[in-house]
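One structure is given below, encoded as structure tokens.
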Amino acid sequence: MWSPPDPKTFNALVWEITKQIPPGCVSSYGQIASMMPVPEGVAPPTFDRLGSRWVGAAMNATPQGEGIPWQRVVNSRGEISLPKGSSAAAKQRTLLEQEGVTFDERGRVDLNRYSWEGPDEAWLNEHGLASPKSLKKSSADAKQQRLL
């Protein structure tokens, strides 16, 4: 199952969530998936395994001109997932930098500094979504990440 059962509905929800990410903040594919209900007909372990990938596919299919800030979604390491050296990756980085997001020497965004904590509880409830998982790392996790 390489795509959600109803990609049109799934993608629309991904894009609606993405519109909530404010300038100067980033989210991850996994964080967005963590807010979403498991699609009908999909076992929770399958969604746990594939949800991030499906969010990535939705971001890849983002329609232009609809105000969806696609650049604010990065991978769980804080990296741009588009092919390194591609014009699309350069554009994403430039758009994020214009919003004040900085990258380290390895091309990573500091998730402890720039991660989005999700929409407010009322918005989540109105849309039938869960609170997102946090992208912030504990001190020990952050130290280990720097060693990688």
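A short reminder: the numbers here are calculations on the coordinates, not readings from a lab. Just so it is clear, the model here is predicted, and its values are computed rather than measured. When we count neighbours, we look across all protein chains shown, and the Cβ atoms used for this are built from the backbone with ideal geometry, even at glycine.
The table for this structure:
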item: Check on G78, in contact with a helix residue (DSSP H, G or I) (Cβ under 8 Å, 6 or more places away or on another chain), surrounded by 14 or more Cβ atoms within 10 Å (Cβ to Cβ) and at positive phi; result: yes
item: Cβ-Cβ under 9 Å pairs, at least 6 apart or on other chains, the range 1-28 side at positive phi, far side crowded, with 20+ Cβ neighbours inside 10 Å and among the basic types (K, R); result: G24/R72
item: Candidate set from the range 72-101 (those that are over 17 Å from the mean Cα position of the chain (by Cα) and assigned to a loop (DSSP other than H, G, I, E, B)); member that is nearest to K133 (Cα to Cα); result: G100
item: Residues within the range 83-98 that are buried (at least 17 other Cβ atoms within 10 Å of the Cβ) and either over 20 Å from K136 (Cα atoms) or free of Cβ contacts under 8 Å to residues at least 40 places away in the same chain (or both), tallied; result: 2
item: Breaking point among (1) touching a Phe, Trp or Tyr at 6+ places or on another chain (Cβ under 6 Å); (2) crowded, with 20+ Cβ neighbours inside 10 Å, for S52; result: (2)
item: Tally of residues being touching a residue at least 60 places away in the same chain (Cβ under 8 Å) and β-branched (V, I, T) across the range 29-47; result: 1
item: Residue count for the range 104-131, restricted to those that are within 12 Å of G24 (Cα to Cα) and either part of a strand (DSSP E or B) or not acidic (D, E) (or both); result: 6
item: Helices (runs of 4 or more DSSP H) within the range 1-64 that include 1 or more residues more than 17 Å from L129 (Cβ to Cβ); result: 7-18, 44-60
item: All positions within the range 114-136 that are at positive phi and loosely packed, with under 12 Cβ neighbours inside 10 Å; result: G128
